[in-house]
1. Just give me the residues in segment 49-65 being more than 14 Å from Asn28 (Cα to Cα) and part of a strand (DSSP E or B), in sequence order.
2. If you scan segment 104-150, which residues turn out to be over 16 Å from the mean Cα position of the chain (by Cα) and either hydroxyl-bearing (Ser, Thr, Tyr) or assigned to a strand (DSSP E or B) (or both)?
3. Looking only at segment 51-67, decide whether some residue is surrounded by fewer than 16 Cβ atoms within 10 Å (Cβ to Cβ) and modelled with pLDDT under 95.
4. When segment 76-90 is examined, which residues are found to be touching a residue at least 40 places away in the same chain (Cβ under 8 Å), closer than 13 Å to Leu38 by Cβ and in a loop (DSSP other than H, G, I, E, B)?
5. Name the residue, out of Gly103, Gly141, Gly73, that is touching a Pro at 6+ places or on another chain (Cβ under 8 Å) and small (Gly, Ala, Ser).
6. Say we look at segment 21-50 and pick out the residues that are touching a residue at least 40 places away in the same chain (Cβ under 8 Å) and among the basic types (Lys, Arg); which of these is surrounded by the fewest Cβ atoms within 10 Å (Cβ to Cβ)?
7. May I ask you to list the residues in segment 17-48 that are in a strand (DSSP E or B) and within 30 Å of Asp122 (Cβ to Cβ)?
8. Working only within segment 72-86, note down all residues that are surrounded by fewer than 18 Cβ atoms within 10 Å (Cβ to Cβ) and of a type outside the set (Ser, Thr, Tyr).
Amino acid sequence: MKNLLLSAVLILLSFAGYSTSRGIEIINRSQCDVYIQLHGSEKCPSCEHQFTSNLFVIPAVSVVTLPNTSMLGGTFPPNAFVNCATIYSGPRHCQRLERWMVGDPRCDNCPPEITFYSMNQDCKVVCDCLRARWEPSECDGIARLIIEPC
């Protein structure tokens, strides 16, 4: 239910427009939910990870658009820039939780493409090979994170 509510709110907020936003569009083409935290900085271009968002669950086969950083929560201020993401292997209560970073190819601290796996709420691996690819944008644009099966 939380996922549906979050998705509905994010879809409504995505209509705010792209003209001067500094956000991200997350495209999940897989059959699994994906757990993500975003990272960013106050200046652009920058590869610093000054800010970290709340943990988001991106539902299977969905597109979530976050047109600016005011909706990210965590330590993000309203006018920051997103440059990287941490993808978790499942919900935080899972004992063998792994994480991977993916981000802007201009940054040495985050590779632009990774492979990973995803677990469900019961901590069972349900997607054993997923690929995440980061497509950067200019400073005032929308970056894209595309998740698809290997």
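The values are calculated or read from the model by the stated rules, or taken from the named source; none is laboratory data. Everything numeric in this text was worked out from a predicted model, so none of it was measured. Glycine gets a Cβ as well: all are built from the backbone with ideal geometry, and neighbour counts include every protein chain shown.
1. Phe51, Thr52, listed by residue number.
2. Met119, Val125, Val126, Cys127, Asp128, Cys129, Pro149, listed by residue number.
3. Scanning segment 51-67 turns up no residue that is surrounded by fewer than 16 Cβ atoms within 10 Å (Cβ to Cβ) and modelled with pLDDT under 95.
4. Ala80
5. Being touching a Pro at 6+ places or on another chain (Cβ under 8 Å) and small (Gly, Ala, Ser) holds for just one of Gly103, Gly141, Gly73, which is Gly103.
6. The residue in question is Arg29.
7. Residues satisfying the conditions are Ile24, Glu25, Ile26, Ile27, Asn28, Val34, Tyr35, Ile36, Gln37, Leu38, His39.
8. Within segment 72-86, Gly73, Gly74, Pro77, Pro78, Asn79 meet the criteria.
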